[in-house]
Amino acid sequence: MPPLTVRHATVILPDRLMPDARISIDHGVIVAVEPEDSKSVAGDSMDLQGQFVAPGFVDIHVHGGGGADFMDGTEEAVRTAAGTHLRHGTTTIFPTTTTGSPTQLLGMIDAVRQASREVDGSDPKGSDSLPAMPGIHLYGPFFAPDKCGCHEVTGRRDPAADEFQKYFETGLVRIATCAAELPGAKAFYETALANDCLITCGHSNASWAEMQSAFESGMRHVDHFWCAMSSVSSLRPRLGTPMQAGMEQFVLMNREMSTEVIADGQHLAPELLEFAFRMIGPDRLCLVTDSSRALDCPPGRYKFGHSANGTDFIHDGFVGRAPGGGLASSVMGMDHMVRTMKRHTSASLPEVIRMATLTPARLTGLDDRIGSVEPGKAADLILLDPDLNIRHVFRNGRRVI
Ligand SMILES: [Zn+2]
Ligand SMILES: [Zn+2]
């Protein structure tokens, strides 16, 4: 591949905008980001006339897209879902499990392994037409029974070492979720820590004391803030009085904790997005899509989780709705989350982009390779118009969208 120079770009750096910049790319890697000086350059070049260049998005919590759920457990489903998110600017994706049988979970992990063999590997076909898949997010099945949300409740269970060891042994689990109050949670967290995972507590009604003990075992993150998590009022029926603090207070008080929001404009009202941004900040808060298979599909009835025995939900054109009217995941890509966060909060554009790129990259240990437009990092880039719509997507310096 010849060197590529992207000219007259407005680069969205982690802390500021860099107008009229030139990005030099060679062998799929960013080699320089510097002020444009209109000298001629070797190789191909592309004149952006001031349009935005951002790092490709990093999605740490995502279930599917394009009609496929990662839990469908086929290579084709993984390719379909991941490829759909690429069109929305996601260049690194962590396929996320839900509740289901051990066979279904292992099937999903194996399907991700097959699909990702062609990605970032030595495959001469060089399938850059998918996002990078550095691993999976082991999310279900270790949810609290009273916080399953839209996930099939019969597919949840308490963590048992003989089961979860099999998932970790695949070497593909990079993010690991477990509700902190479950028996066996401590052993789960310790195994996840030994496997270098981002350890998260989600779908949980954990108390402050349970969060503190999980923290001591390595837990540092909470899934989708305010969704399927404990609060002072949800803990009262469980633990009585005096009323107790839960996950919300634990994240807000502890600077070592991080979390994420589903900023689709349907899960959380604007003031909650602003609150999360102001109280938690762009270095501890990630944007996630938590998208279901219904992304880029027409409104209608779909399955959340495995196509055979997942739960039914309705895509109403804006969000997934469970039969009772409750929320059942988003139906939007990361570009939509970025636009919503920009519109509804006081976060600057570099801060909004950071929450969808460098922050999740850092939390998953990938920030030396991706997450910002800086020399030495992979040229996984997105070109955005002034309204933050995706114009083009580059994977390893090659235009794929
Ligand atoms: Zn969830
Ligand atoms: Zn989810």
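Structure above, values below:
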| quantity | calculated |
| --- | --- |
| Beta bridge orientation in the stretch 57-369: antiparallel %, DSSP, nearest 5 | 35 percent |
| Under 15 Å, Cβ to Cβ, from His315 - net charge with Lys/Arg +1 and Asp/Glu -1 | -2 |
| Nonlocal amide H pairs with Leu327, under 5 Å, H built at 1.01 Å | Ala322 |
| The stretch 309-401: chymotrypsin sites (Phe, Trp or Tyr not before Pro) in DSSP coil with no more than 16 other Cβ atoms inside 10 Å | Phe318 |
| Of Lys147/Lys377; Lys342/Lys377; Lys303/Lys377; Lys39/Lys377; Lys186/Lys303; Lys186/Lys342, those spanning more than 29 Å from alpha-carbon to alpha-carbon | Lys147/Lys377; Lys303/Lys377; Lys186/Lys303; Lys186/Lys342 |
| Backbone HN-Hα couplings from phi across the stretch 50-56 [Karplus 6.51/-1.76/1.60, Hz, Gly and Pro as x] | x, 5, 6, 10, 10, x, x |
| Under DSSP loop assignment and at most 16 Cβ neighbours within 10 Å, longest trypsin sites (Lys or Arg not before Pro)-free interval of the chain | 126-254 |
| In sequence order, calculated HN-Hα J values of the stretch 186-194 (Karplus, 6.51, -1.76, 1.60; Hz; x Gly/Pro) | 4, 5, 4, 4, 5, 5, 4, 5, 5 |
| In order through the stretch 261-273: 3J(HN,Hα) via Karplus (6.51 cos²θ - 1.76 cosθ + 1.60), integer Hz, x for Gly, Pro | 10, 8, 8, 8, x, 10, 6, 10, 5, x, 5, 6, 5 |
| 5 angstrom amide H check on Ala32, placed H, neighbours 5+ away | Ser24 |
| Percent RCO, i.e. relative contact order, over the chain, from Cα pairs under 8 Å lying at least 6 residues apart | 20 percent |
| Which of Glu75, Glu271 has the fewest Cβ neighbours within 10 Å, and the rest in rising order | Glu271, Glu75 |
| For q = 0.08, 0.12 Å⁻¹, Debye-computed log10 I/I(0) when each Cα of the chain counts as one equal scatterer | -0.39, -0.88 |
| Theoretical gain in end-to-end length, Val31 to Leu193 [0.36 nm per residue, Cα-Cα removed] | 54.9 nm |
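All of the numbers you see were taken from the coordinates with simple rules; none came from a lab. Since the structure is predicted, the reported quantities are computational estimates derived from the model, not experimental observations. Because the Cβ atoms are built from the backbone with ideal geometry, glycine has one as well, and the counts that use them run over all protein chains shown.
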